[in-house]
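Here is the structure we will look at.
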Amino acid sequence: MTRSPAPLPSPERRRHLREAASLTQAQVARRIGVTRGTVRAWESGRTTPRGPGREAYADLLTSLTRTVATVKTATPAKAAKAAKAAKAAKTVKADKVTNTQETAPPTRMTVSPHQQPAPPAATAAPAGLTPAQAFDALYAFCAPALVRQTYLLSGRRELARESVERAFQLAWQRWPEVAVDPDPAGWVRATAYEYALSPWHRFRPRYRHPEPPPADASDRALLDALLTLPAPYRRTLLLYDGVGLDLPETAAETEASTPAAAGRLLHARAAVAARLPGLAEPAELHRRLAEVASAQRLRAAGPPAVRAGGERRARFWTRAAIAVTVAIIGATALTVRTAPTRYEPPVPAGETVQGVPRRAAPGTLSGKELKLRAKLRSGIQHGPQRLIPLPG
């Protein structure tokens, strides 16, 4: 008889148990043998644990539940001591993450969740920070790597910087929505990718001509192989083999089903391997993507400049909308002012006049014509009555 899988708590309860045990998502992922992105997806409810990972995750949650129950039943002094120790551990952990972010080299592209974990929703806007400070922290965390990813996606340096800036400007305009998103970094990444892959860029004068390719021949070959792929296949390959998302997350971000995402990934890998046989292995492809992106000098603008640019753009479009509205109101008022207030019937069409003799040819008048002339001449002598036809 097959044993039924053990029930799992709700996603919120899973995150609460992990935080109560002072564990990070990376630590939980190492214990189970999965990626950190998978644990984040389980805790956000986007995916459901399955297979051997589900059993290991269920056992871990059961042990965490017992640990939390033991702490709750301890004496008040022990409970206070444990809470203080957990708080200190979290503070040290936050300091380590901050120091790591501050000392990280700006030219390094992070393409794997193990190299640069995305900030969870709980730390996207920590308590005590203003919205501008929280936005600046998210920008400093994600923008350098996102510019390099967008460059691999579009093959244009200027477009990559512009895409990231537009994505963060939109995020700043919708900050109340982005701040509570389970994955704010993923929200910005999806927006930047959509802007970079827009087909309307080909009609812009500044993007009609190709940019100078990378100096290294192998880098040019890899970038050319990527750009020959269709946009959905290129995006799927970059998210899975570049960023390091798992297949369900890649399918969700590309708005495709999991089988469709898997098919795109296999096709993209086969196309790249056909042109570059040395990149047939996913690990080697992952390494080369990071090298090509890191070799380019791509620097993102500062967070204050991005916020100021977004605010200027919002003011411009607001004023444009007000101007168009005023123009419509003025045109409507002018139309109402000049429109007729009563009904004016149209001029009727002309009618054929009966009884007028045909024009005679030059020559002697006939007797009938002489009588008609005499009659007309006699009617002219009576003044205004000549305008009224007389009975014949």
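The values are calculated or read from the model by the stated rules, or taken from the named source; none is laboratory data. What you are looking at is a predicted structure, and each value in this text was computed from that prediction instead of being measured. Positions of Cβ are generated from backbone atoms using ideal geometry, with glycine treated the same way; all protein chains shown enter the neighbour counts. We work out accessible area using only protein heavy atoms, side chains counted, and drop any ligands, DNA or RNA first. Shrake-Rupley method; radii C 1.70, N 1.55, O 1.52, S 1.80 Å.
Looking across region 139-181, the residues that are outside any helix (DSSP H, G or I) and either within 16 Å of the chain's Cα centre (by Cα) or among the hydroxyl-bearing types (Ser, Thr, Tyr) (or both) come down to 174, 181. For first residues located in region 259-272 and within 16 Å of residue 221 (Cβ to Cβ), partners that are part of a helix (DSSP H, G or I) and of a type in the set (Val, Ile, Thr) and lie 6+ apart or on another chain with Cβ distances below 9 Å form the pairs 268/236. When residue 263 is tested against (1) open to solvent by less than 60 Å² (accessible area, probe 1.4 Å); (2) in contact with a Phe, Trp or Tyr (Cβ under 8 Å, 6 or more places away or on another chain), exactly one condition is not met: (2). Determine whether residue 238 is in contact with a Gly (Cβ under 8 Å, 6 or more places away or on another chain), within 21 Å of residue 291 (Cβ to Cβ) and aliphatic (A, V, I, L, M). So residue 238 does not fit the description; no. Looking across 94, 56, 79, one residue alone is modelled with pLDDT of 80 or more and surrounded by fewer than 17 Cβ atoms within 10 Å (Cβ to Cβ). It is 56.
Scanning region 180-189 for residues being open to solvent by 20 Å² or more (accessible area, probe 1.4 Å) and modelled with pLDDT under 90 gives a total of 3.
Among the residues of region 277-329, write down those that are outside any helix (DSSP H, G or I) and loosely packed, with under 10 Cβ neighbours inside 10 Å. Across region 277-329, the qualifying residue is only 297. So in region 21-33, with the set limited to residues that are crowded, with 17+ Cβ neighbours inside 10 Å and touching a residue at least 60 places away in the same chain (Cβ under 8 Å), which one is farthest from the chain's Cα centre (by Cα)? Taking the candidates together, the pick is 24.
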